[in-house]
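Enquirer: Okay, handing you the structure first.
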Amino acid sequence: MKIVKEEIIKNGQEEGLNYREVTYEDGGFRQFDVESGKLIGSSYESDQDKLPSME
């Protein structure tokens, strides 16, 4: 799948909570922790079981 946009999102409220957001040609997105590279957010149903628990 082709990437159409990639940017670093800086969280101004808490230092160190920056993430990289990648948007694909189908309009979906994935968010990755800048420090660890781990997937922390996604619009794809197939990724939901890979995301950290919010509990």
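Enquirer: Name the single residue that is modelled with the lowest pLDDT among those in region 26-50 being open to solvent by 40 Å² or more (accessible area, probe 1.4 Å) and hydroxyl-bearing (Ser, Thr, Tyr).
Expert: Ranking the qualifying residues of region 26-50, first place goes to SER36.
Enquirer: Which residues, counting only those in region 8-25, are in a strand (DSSP E or B), modelled with pLDDT under 95 and over 9 Å from the mean Cα position of the chain (by Cα)?
Expert: ILE8, ILE9
The values are calculated or read from the model by the stated rules, or taken from the named source; none is laboratory data. Since we're looking at a predicted model, the values are computed, not measured. We work out accessible area using only protein heavy atoms, side chains counted, and drop any ligands, DNA or RNA first. Shrake-Rupley method; radii C 1.70, N 1.55, O 1.52, S 1.80 Å.
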